[in-house]
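Asker: Below you'll find the structure I mean.
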Amino acid sequence: MNKVVAVAGLAALGLYLMKKYEKPTNEEVKPTEIPNIFPLKKGDNNTLVKDVQKALINRGGEVSRMILTDGGASGDFNEQTEKALISLGYPAKLDKATYEMLINQESILRNIAYVIDVDGTNLFTEVANSNTPEYGYGRDPFTQVPVRTYLGTSTGNFKNGMAEIITNINVKRVKFWIPTDKVAMVSKAEYEMMKSSKILPKSDQVKAKLLKL
């Protein structure tokens, strides 16, 4: 008899606890609030900062060097990123409208790459993060190109002192890497002017090698 009472008591206690902590079915569930990521400022670390840094790199010149020499497009809003923005007349803190204006100004981007070094500049198929004695940073050279060869458009990706370039050959999109100190970046208008004056001939030999990637 005592066992029956004990079991009944435990069952009653369990039912009481269930009802006490059970969430009402008609209770409104509030969505998780997403914090406002703007303004972007020094100390932030996210993909939007990375977009800003890519846009700054693609401006070319001293602004580009400021970002590339301090980690590239890492997503870390550091002091150099702040200085680069201020040097272009942007505020140190970016609201959403200013951020969108900065990354969408394609007309002034200097992101078309051509070789500025002497003959024999190496291109690479990939650049890894891990360093090995045999291959350095995973760099796999596949060709050499002459000075003033037009390469293509920067993707905005930079790693280990290398810039990723993309170009279209026939219907194939080809990506490769080249050391940032071996290329110059020009705007679309500058490129068209150089192309019309035949300063930037594109080698058929280079095109053939790129197609083999």
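Just so you know, all these numbers are worked out from the coordinates, no wet-lab data involved. In this text, all values refer to a predicted model and were calculated from it rather than measured experimentally. Neighbour counts are summed over all protein chains in view; Cβ atoms, including those assigned to glycine, are modelled from backbone coordinates with ideal geometry.
Asker: What order, most packed first, do the peptides 179-191, 73-85 have when packing is the mean number of other Cβ atoms within 10 Å of each residue?
Answerer: Descending packing order for the listed peptides: 73-85, 179-191.
Asker: For residue 163, which sequence-distant residues (separation of 5 or more, or a different chain) have an amide H within less than 5 Å of its own amide H, given hydrogens modelled in the peptide plane?
Answerer: Here 178, 180 satisfy the definition.
Asker: Here is a further query. Between residue 97 and residue 204, what's the calculated FRET efficiency when r is the beta-carbon distance and R0 is 45 Å? Round to 0.05.
Answerer: Rounded to the nearest 0.05, the efficiency is 0.45.
Asker: Suppose the chain between residue 144 and residue 188 were pulled fully straight at 0.36 nm per residue; how much longer would it get relative to their current alpha carbon spacing?
Answerer: That pair, residue 144 and residue 188, stretches by 13.4 nm at full extension.
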